Amino acid sequence: MKAHLKEKFGRPIQKIYFIGIGGSSMSGLALIAIDQGFDVAGSDIVSSKYTEKLAGKGATIHIGQRAENIGDDIDMAVFTAAVHEDNPEMIRANALDIPLVERSDYLGLLSQVFPKTIGVAGTHGKTTTSSMIATLLHCAEMDPSVSIGGNIGVIGGNATLGKSDYLVIESCEYVDSFLKTEHFIGVITNIEEDHLDYFKGGLKQIKHSFHDFGSILPPDGLMIAYGDSDDVLDVVSDLACQVITYGLSDKNEWVARNITYNDEGNPFFDAYHNGTLYGRFALRIPGQHNVLNAMACIACADYLNIQKETVEEALDHFGGAKRRFEFRGAVGGINVYEDYAHHPTELKVVIDACLNHAHNKLWVVYQPHSYSRIYYLFDEFVKSFEKVDKLVISEIYSNRETNDWDIFPEDLAKRIKQNYQVPAVVISEFADIVKFLTDNVEADDLVLVAGAGDINKVAYMLVDALREKYPDAPYKAAQS
């Protein structure tokens with residue numbers, strides 16, 4: 001990597017500064033940089049488990065972003081899209097003529113070092129599918145490097161530097177970030193309307209970007225595509241590389257059949273390849289959507305000549321990515337889960353997964369994410385909650401927008417009650433949400449806390465509150 005950066009920038013690069021180092025992606029890139037032998041420093045607004053882990057690995061961490069953090073010993077600075085030009089560290093780096101590289105561009109530079117990069121793209125399922133594939137390669141002793149947005153059990157985090165040619169990455173479509181990387185194997189899990197603040201041309205523009213993502217693959221590469229989506233098939237129809245499809249319908253090369261579920265909603269299924277039974281698999285994570293994620297992983301395994309027994313081992317090891325239907329605890333039979341779902345389709349599939357889990361009433365606590373997404377997909381959001389028993393909506397979370405759309409959580413709650421008679425309330429403060437739930441949930445209810453912001457704190461707070469209210473009730477803790 002050092003030689004690659006020297007060639008790109010015409011100067012030796014030894015010390016890299018990460019502005020926003022505590023982010024899930026940035027922290028992973030910083031960890032890899034440390035293992036590659038770079039001197040790493042960086043800043044973030046608050047301390048976190050990511051910054052603490054980096055400090056333990058030898059990185060210099062600044063809490064708070066100040067001009068004086070940037071010295072003339074820094075050879076390159078990496079920044080996130082959330083950092084603006086008026087950031088004092090950005091201004092200082094520019095004044096010192098330090099090369100500034102946006103996070104997705106840096107990931108692109110990293111991908112060029114690994115000739116067997118596997119990029120997982122899609123409106124939904126990127127983190128889980130890339131985590132599954134990373135787990136698969138680890139169990140196959142292929143020693144992959146990994147940079148994704150969620151923590152993976154077998155590597156103990158969200159990133160690692162391996163010794164092979166393989167790099168597994170999450171390929172995000174937002175602002176066309178996934179067009180910055182090079183990859184040998186691509187995966188497209190699905191294509192839907194999202195990020196319409198950027199994709200102002202709607203689905204047509206989104207599909208164009210996904211086609212460009214697929215076109216990056218070399219002729220001897222492979223695209224693994226969800227074949228039950230006409231939009232995905234349109235995108236991959238004229239790619240120069242080999243295309244393999246997977247799904248639930250028999251038109252695909254890889255097909256999942258005979259899906260059943262246990263009381264926790266975890267599926268068992270048969271995988272067929274070109275009409276022939278390949279094997280029966282069990283997952284430790286719930287939902288039909290995860291059967292599809294696993295099918296993409298199985299197709300990748302077969303292409304890489306990984307034995308079926310290793311695939312079984314990998315799927316058995318895989319307990320899910322962080323904040324993807326993650327169990328937070330059970331008190332007196334009240335099960336509490338959290339999920340990162342913030343798009344209508346994601347909410348629908350995780351709610352369906354909850355419905356396959358044994359329960360009395362299903363409570364959902366939802367934190368809307370970004371004003372533009374709620375505005376443009378309003379009707380879809382309303383419909384996604386039609387099957388829940390009780391709904392609590394918090395304030396809209398947005399770290400990159402102001403409310404130019406004049407949209408409010410009360411608008412969602414009102415329409416959901418009108419259309420589906422689902423009791424929906426809006427509660428702003430997390431402590432008030434927890435009190436409302438603690439006062440009203442009953443034995444064997446299931447509580448899902450959903451959203452991509454900081455709403456997951458409610459899941460932790462709720463378990464603590466239930467334990468305090470019912471000190472003698474049976475308690476099942478989340479695995480650490």
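Full extension of the chain between Val425 and Glu52 yields a length gain of 130.5 nm, computed as 0.36 nm times the residue separation minus the alpha carbon distance.
I need to check one value: relative contact order of the range 1-101, counting alpha carbon pairs closer than 8 Å and at least 6 residues apart, in percent.
Details: 167 pairs, mean separation 27.8, N = 101.
Relative contact order of the range 1-101: 28 percent.
For the chain, the extents of the C-alpha atoms along the principal axes are 64, 57, 46 Å, listed from largest to smallest.
Within 10 Å, Cβ to Cβ, of Val364, how many net charges do the neighbouring residues add up to if Lys/Arg are +1 and Asp/Glu are -1?
Spelling it out: positives minus negatives among the neighbours equals 0.
Across the range 305-317, coupling constants 3J(HN,Hα) worked out from phi with the 6.51/-1.76/1.60 Karplus curve, θ = phi - 60°, read 6, 8, 5, 4, 4, 6, 4, 4, 4, 5, 5, 5, 6 Hz, and Gly and Pro carry x. Residues whose amide H lies under 5 Å from that of His342, counting only those 5 or more places away or on a different chain, are Leu347; hydrogens are built 1.01 Å from N in the peptide plane.
Give a quick list of trypsin sites (Lys or Arg not before Pro) in the range 171-246 that DSSP marks as loop, anything other than H, G, I, E or B, with at most 16 other Cβ atoms within 10 Å.
Working: sites: Lys180, Lys200, Lys204, Lys207; in loops: Lys180, Lys200.
Taking the range 171-246 and a limit of 16 other Cβ atoms within 10 Å, the loop trypsin sites (Lys or Arg not before Pro) found are Lys200.
Just want to confirm a number: the relative contact order over the range 114-317, from Cα pairs under 8 angstrom separated by 6+ residues, in percent. In percent, rounded to a whole number, it is 19.
Testing the spin-label approximation: label points 7 Å from Cα along Cα→Cβ at Asp35 and His317. State their distance in nm. About 1.3 nm separates the two model spin labels.
Between Val175 and Glu442, the FRET efficiency estimated from the beta carbon spacing at R0 = 45 angstrom works out to 0.50.
So between Asn305 and His84, what do we pick up on full extension, going 0.36 nm a residue minus the alpha carbon distance? Before the final figure, lay out the partial values.
On the way: separation 221, 0.36 × 221 = 79.56 nm, distance 4.52 nm.
Full extension of this stretch gives 75.0 nm more.
Rounded to the nearest 500, what is the 222 nm mean residue ellipticity of the chain from helices alone, with -39500 (n - 2.57) per DSSP H run of 4+ residues and division by all residues? Don't skip to the answer; put the middle values down first.
Values: 16 runs with 169 residues, N = 480.
Calculated mean residue ellipticity at 222 nm is -10500 deg cm²/dmol.
Once backbone amide H atoms are built at 1.01 Å from N, Ile393 has Tyr366, Val425, Val426, Ile427 as its partners under 5 Å, excluding neighbours fewer than 5 places away on the same chain.
Of all the accessible heavy-atom surface of the range 114-269, with the other protein chains kept in place and a 1.4 Å probe, what percent is carbon and sulfur? Let's see the in-between values first.
Values: 2600 of 5470 Å².
Of all accessible area on the range 114-269, carbon and sulfur atoms account for 47 percent.
Where the centroid of each part is defined by its Cα atoms, how far is the range 217-234 from the range 402-432 in Å? Using only Cα atoms to place each centre, the spacing works out to 38 Å.
At most 10 other Cβ atoms within 10 Å and a DSSP loop assignment: could you name the chymotrypsin sites (Phe, Trp or Tyr not before Pro) in the range 361-418 that fit?
Values: sites: Trp363, Tyr366, Tyr371, Tyr375, Tyr376, Phe378, Phe381, Phe385, Tyr397, Trp405; in loops: Phe385, Trp405.
Qualifying residues, ordered by number: none.
Cross-link check: pairs Lys180/Lys383; Lys8/Lys163; Lys390/Lys414 evaluated at a Cα-Cα cut-off of 25 Å; pairs beyond the cut-off: Lys180/Lys383. Remark: the Asp404-Asp105 segment gains 104.7 nm on full extension, using 0.36 nm per residue and subtracting the alpha carbon distance. Contact order, relative form, for the range 326-477: 38 percent (alpha carbon pairs under 8 Å, 6 or more residues apart, mean separation divided by residue count). Surface analysis of the chain yields an accessible area of 41 Å² per residue, using protein heavy atoms and a 1.4 Å probe. Using a probe radius of 1.4 angstrom, the carbon and sulfur fraction of the accessible surface of the range 326-477 is 47%.
Where in the range 234-313 are there trypsin sites (Lys or Arg not before Pro) that are in a DSSP coil and have at most 14 other Cβ atoms within 10 angstrom of their Cβ?
On the way: sites: Lys251, Arg257, Arg280, Arg284, Lys308; in loops: Lys251, Arg284.
For trypsin sites (Lys or Arg not before Pro) across the range 234-313 that sit outside H, G, I, E and B with at most 14 neighbouring Cβ atoms in 10 Å, the list reads Lys251, Arg284.
For the range 326-477, the dipole from Cβ point charges (+1 on Lys and Arg, -1 on Asp and Glu) about the Cα centre works out to 240 debye, to the nearest 20. Working from the Cα coordinates of the range 1-111, the gyration tensor eigenvalues give, after taking √(5λ), semi-axes of 19, 17, 13 Å in decreasing order. Each DSSP beta bridge with both residues in the range 114-317 is either parallel or antiparallel, and the antiparallel ones are about 40%. Rounded to the nearest 20, the size of the Cβ-charge dipole of the range 114-317 about its Cα centre is 160 debye, with Lys and Arg at +1 and Asp and Glu at -1.
The values are calculated or read from the model by the stated rules, or taken from the named source; none is laboratory data. Note that this is a predicted model, so its numbers are computed, not measured. Because the Cβ atoms are built from the backbone with ideal geometry, glycine has one as well, and the counts that use them run over all protein chains shown. Remember, those area values only see protein heavy atoms, side chains included, never the ligands or the DNA or RNA. Shrake-Rupley method; radii C 1.70, N 1.55, O 1.52, S 1.80 Å.
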